[in-house]
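The values are calculated or read from the model by the stated rules, or taken from the named source; none is laboratory data. Since this is a predicted model, take the numbers as computed values, not measurements. What goes into the accessible areas is simple: the full protein's heavy atoms, side chains included, and nothing from ligands, DNA or RNA. Shrake-Rupley method; radii C 1.70, N 1.55, O 1.52, S 1.80 Å.
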Amino acid sequence: MHELGIVSGVLDSVRLVAQEAGATRLLSVTLKVGEMTGALQDAMNFAWEALSEGDPFLEGAQLRIITVHPHSRCLECESEFDHDQFHWACPQCGSSLTELLAGRELEIDSIEVDIPDEGEAL
């Protein structure tokens, strides 16, 4: 289950950035996850819950996942097209010489944190 490692890395990165900004609590994280990564959304949600349980900084934080569908360009006819994980051939000319343009992403899109106002007690 590589999703556990993915979510652990995301939480480490987000925690570091959020705390450097003075955040007292993480509210949400939005990830862009390409279908071609093989990462399963249910497994990522499970890992998120398991890793954030009992951590006051993460309590109640939400994981949002934006799924990025595969999109490629044909290297023969230059046509761009959407496809699924298993059908890469160009629908225009039938060539299998294609370049994946989208669908392999695994990136933090945004984070939402709670930062106390100046003078507010921590």
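Relative contact order for the range 62-122: what is it in percent, counting Cα pairs under 8 Å that are at least 6 residues apart?
31 percent
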Starting from one equal scatterer on each C-alpha and no solvent at all, send me the Debye-based log10 I(q)/I(0) for the chain at q = 0.23 Å⁻¹, two decimals. -1.20
Given a 1.4 angstrom probe, I'd like the percentage of the accessible area of the chain that is carbon and sulfur, rounded to a whole number. 49 percent
The range 1-52, accessible area per residue, ligands and nucleic acids excluded (1.4 Å, Å²): 49 Å²
Which whole-number percent is the relative contact order of the chain (Cα, under 8 Å, 6+ apart)? 35 percent
Rounded tilt (10° steps) of 2-20 against the dominant C-alpha axis of the chain: 50 degrees
